[in-house]
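Notes for the one structure printed next.
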Amino acid sequence: MPNDHRKTARRPLALVLAATGCCAVLAGCGAAPDPAAPPSGKGPERSATRSAPEPSRTPSSPAPTAPENRSLAGRTVVVDPGHNPGNFQHSKEINQKVNIGTNRKECDTTGTSTNDGYSEASFTLDVSHRLRDLLTARGAKVVLTHDADRPWGPCIDERARIGNAARADAVVSVHADGSAVGNRGFHVILPARVREGAADTAKIVGPSRELGERIADRFARATGTAPANYLGNGTGLDVRDDLGGLNLSTVPKVFVECGNMRDPKDAQLLASAAWRQKAAQGIADGIATYLQG
């Protein structure tokens, strides 16, 4: 989930660290942590409270050897893997606040995780690699906001600037949610109309909604999963005005919450390499149908 999320309550990481004096692998902090205790949830730009060793996962998928077409030639897509696997080691840096137009917010968070410690940052990077390969095979130029090639970040405002600087035809930020058990399904977050400070989304609200609707449709088809049962009234769409990554974007952009890592049934899907490939396929198909008009 993007670190700007509002849905599930979380304590700022700096407060957790100050109160406990220890930190586990994700953002898990607490004196004498109970290994059986699950981490708390988070929303886009939220944090988890513990971590365990991550299960083995299949690395990013190889690019298809026989791409079906080159229909996206000349198009630029920015793929934004939510969070960074190294964020948990840089609490001071990621807790510094940045300007998101409407207010100031933490640079980033660690993200959430499944009960057995599969981190959102690892999930988003894996899906983003698969998505990059699928889009590249169709001829698109793909820019990643990061590739775990930096110690932490980038901050949410820098992520927006990367998409803007690339003059992207579409930007997709990949995430997974950290909501309550029983809350299942995917959703796509769309920018609200915001005009305040450095934020002005007037020109991207319409195209971003179209992008989000295409992705929601194709994601459901590819993965066989339903839209979220806890927001969006069954549409799989949620409009937000508090996400810096959307507020500061000048190009069409959405966030995709692929599922809820805190629900065991959703978590089982998210931990599956085969399902992650389907998720990437659904996002790629949605982007392609949007760009092709």
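Taking the range 92-129 as the search range and keeping residues that are open to solvent by 10 Å² or more (accessible area, probe 1.4 Å) and assigned to a helix (DSSP H, G or I), which one is farthest from Ala166 (Cα to Cα)? Among those that are open to solvent by 10 Å² or more (accessible area, probe 1.4 Å) and assigned to a helix (DSSP H, G or I), it is Lys92. Restricting attention to the range 270-279, does a residue exist that is touching a His at 6+ places or on another chain (Cβ under 7 Å), surrounded by 20 or more Cβ atoms within 10 Å (Cβ to Cβ), over 25 Å from Lys203 (Cβ atoms) and aliphatic (A, V, I, L, M)? No: zero hits.
Given the criterion among the basic types (Lys, Arg), within 22 Å of Asp217 (Cα to Cα) and surrounded by fewer than 24 Cβ atoms within 10 Å (Cβ to Cβ), identify the matching residue among Arg184, Arg167.
From the options Arg184, Arg167, the qualifying one is Arg184.
If you go through the range 178-200 and keep only what is charged (D, E, K, R) and under 30 Å from Asp116 (Cα atoms), you end up with just Arg184.
The sole residue among Val174, Val181 that is touching a residue at least 24 places away in the same chain (Cβ under 8 Å) and part of a loop (DSSP other than H, G, I, E, B) is Val181. For the range 146-161, the condition of being surrounded by fewer than 24 Cβ atoms within 10 Å (Cβ to Cβ), in contact with a strand residue (DSSP E or B) (Cβ under 6 Å, 6 or more places away or on another chain) and at pLDDT 95 or above holds for at least one residue. For the range 199-224, the candidate set comprises residues that are touching a helix residue (DSSP H, G or I) at 6+ places or on another chain (Cβ under 8 Å) and open to solvent by 50 Å² or more (accessible area, probe 1.4 Å); within that set, the residue that is farthest from Leu269 (Cα to Cα) is Glu210.
The values are calculated or read from the model by the stated rules, or taken from the named source; none is laboratory data. Since the model is a prediction, treat every value here as computed from it, not as a measurement. Backbone-built Cβ (ideal geometry, glycine too); neighbour counts: all protein chains shown. In case anyone asks, the SASA skips ligands and DNA or RNA and just uses the protein heavy atoms, side chains included. Shrake-Rupley method; radii C 1.70, N 1.55, O 1.52, S 1.80 Å.
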